[in-house]
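The next block holds one structure in the form of structure tokens; read it before the comments.
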Amino acid sequence: MFRSKSTAALAFTGVLALAGAPIAQADDAITVKLNGRVQIDYNIADADTANLDVNASEFRRVYLGASGTYGKGLKCKAILSTNSSGEVKVQDALLDFKIPDTGWGVKAGHMKTPNSLDEQTSSRFISTLERSAFTDAFAFNRRVGVMAHTKGDNYTFAAGVFGENLDVESNQEGYAVAARATYTPINSDGKIVHLGASARYREQGETAGDIRYRQRAFAHIPGRVISTGSIAGSDIFVGVEAAGLFDQLWLAGEYGLTKAGATATADPSLSGHYIEAGYFFGGKKVYKDGKFNRPKVDNPITDGGMGAVSLVARYDSLDLSDKAVDGGSLDTLLIGADWWPTRNTRIGLNYFNGDATLGSSTSGLDSAFAAEVTNGTVGDTAQGVVARLQFDF
């Protein structure tokens, strides 16, 4: 549908052109900013019955990129990423055009589809160190596409048509259509109420394998604990979201339902949800344009202060079983604490306890849990701790 490499090259060329151009001081001014992030994780995890013993560190994310503007009508962004695998990938590579006198803009390039509050919030600012289970299981990934977007004082809207992720090499690409809308009926005096909804339809390419839904026991290490196996040629996702910020206190939750177009059975309905509550000491969570943004730190250590501390508790649930599909389920309790020495640095600690019904598929599972499924084990509990050192600029 889209020629992925050429679109990415276009975005990179735009940013590099901006970077090499002289900086003007007028309405057609060119601005360029380098940006990046480093997230280093340490994982400890085990299970009640599975042969699982994790004690390992990893580069969870390392990003380096550039963003730029030309006058008031054009923005560019290009970001490369890597992790402990050492493989370099393109994250964002896009151009954002502002349509004059309309309040609308158009993005073209490699970007996330517009779905889910948790997914739209940057990994730098999410409440827990990993996102909700359903956002990973339902694969809200980056794709090459075109997306129209607009916003006002109390709303946002985005909708687009997308091809595949840049990593997919195929002459028969799949596609996706997605949209998200948010509304803030209350936004004053330190109080914000956010409401939102999103939807996505996606279809696999003719030569691609079927869609598989699977998920880890929260931490990025170890591997997956539940899986449906490859079951669907297409699916439809619908989700609703809500959040409230009341000075230092915040609440948030989402529910998502995916109707899978199964290729060999009746179409199953798979679902997930989470609800969380958190509190900031010495700072506050920040909301902007339909998502959480960089938190406020009242007294950073660079000014002689102690930084800010945030506490959060989350219940997260994912159900991958319905009709003839037995992909299991996962219910996870999370408790987290973060110290923000500055707005750009974070030291986080999350404890998780995930109660899994294992299902009948071993497709893509961590070997410890695949062995349990093979042996007929019905369920298991995985628990552990994730610590993160984060810096961004």
Single unsatisfied condition, A382 versus (1) aliphatic (A, V, I, L, M); (2) under 30 Å from N293 (Cβ atoms); (3) touching a residue at least 40 places away in the same chain (Cβ under 8 Å): (2)
Unique residue being among the small types (G, A, S), open to solvent by less than 10 Å² (accessible area, probe 1.4 Å) and touching a residue at least 60 places away in the same chain (Cβ under 8 Å) when the list is G328, G364: G328
Failed criterion for T265 (all others in (1) open to solvent by 50 Å² or more (accessible area, probe 1.4 Å); (2) of a type outside the set (D, E, K, R); (3) free of Cβ contacts under 8 Å to residues at least 60 places away in the same chain hold): (3)
Test for S123: is it touching a strand residue (DSSP E or B) at 6+ places or on another chain (Cβ under 9 Å), of a type in the set (S, T, Y), under 25 Å from E164 (Cβ atoms) and in contact (Cβ under 8 Å) with a residue 12 or more places away in the chain: yes
Any hit, the stretch 6-22, residues being open to solvent by 30 Å² or more (accessible area, probe 1.4 Å), more than 30 Å from A370 (Cα to Cα) and modelled with pLDDT of 95 or more: no
Selection status of R180, at pLDDT 95 or above, among the basic types (K, R), crowded, with 23+ Cβ neighbours inside 10 Å and assigned to a strand (DSSP E or B): yes
Positions within the stretch 123-159 being open to solvent by less than 40 Å² (accessible area, probe 1.4 Å), under 30 Å from G354 (Cα atoms) and outside any loop (DSSP other than H, G, I, E, B), in sequence order: A133, F134, T135, A137
First in the stretch 272-283 and under 13 Å from R314 (Cβ atoms) and touching a residue at least 40 places away in the same chain (Cβ under 8 Å), second anywhere and small (G, A, S) and open to solvent by 40 Å² or more (accessible area, probe 1.4 Å), Cβ under 8 Å, 6 or more apart: E276/A313; G278/A313
G253 under 30 Å from G103 (Cα atoms), open to solvent by 10 Å² or more (accessible area, probe 1.4 Å), among the small types (G, A, S) and touching a residue at least 12 places away in the same chain (Cβ under 8 Å): yes
Filtered residue count, the stretch 197-213, keeping only those that are assigned to a strand (DSSP E or B) and surrounded by fewer than 23 Cβ atoms within 10 Å (Cβ to Cβ): 5
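So that you can scan it fast, the table gives a plain yes or no per residue for (1) more than 21 Å from the chain's Cα centre (by Cα); (2) at pLDDT 95 or above:
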| position | (1), (2) |
| --- | --- |
| Q25 | yes, no |
| L52 | yes, yes |
| N55 | yes, yes |
| V62 | no, yes |
| G65 | no, yes |
| E87 | no, no |
| R131 | no, yes |
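Inside the stretch 334-383, can you point out the residues that are among the small types (G, A, S) and under 19 Å from D136 (Cα atoms)?
Within the stretch 334-383, G354, A356, G359, S361, S363, G364, A382 qualify.
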Close pairs from the stretch 90-110: first on the phi > 0 side of the Ramachandran plot, partner among the hydroxyl-bearing types (S, T, Y) and part of a strand (DSSP E or B), Cβ under 7 Å, at least 6 apart: G103/T150
Some residue of the stretch 140-161 being more than 28 Å from D101 (Cβ to Cβ) and more than 21 Å from the chain's Cα centre (by Cα): no
Conditions (1) open to solvent by less than 50 Å² (accessible area, probe 1.4 Å); (2) within 26 Å of E276 (Cβ to Cβ); (3) in contact with a strand residue (DSSP E or B) (Cβ under 6 Å, 6 or more places away or on another chain): number failed by N83: (1)
Condition broken by I226, with the remaining ones in (1) open to solvent by 10 Å² or more (accessible area, probe 1.4 Å); (2) part of a strand (DSSP E or B); (3) of a type in the set (A, V, I, L, M) satisfied: (1)
Search result, residues across the stretch 88-120 that are open to solvent by less than 30 Å² (accessible area, probe 1.4 Å), in a strand (DSSP E or B) and among the charged types (D, E, K, R): D92, D96
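The values are calculated or read from the model by the stated rules, or taken from the named source; none is laboratory data. Nothing here was measured: the structure is a model prediction, and the numbers come from that model. We place every Cβ from the backbone using ideal geometry, glycine too, and count neighbours over all the protein chains shown. Just so you know, the surface numbers come from the protein's heavy atoms only, side chains and all, with ligands and any DNA or RNA stripped out. Shrake-Rupley method; radii C 1.70, N 1.55, O 1.52, S 1.80 Å.
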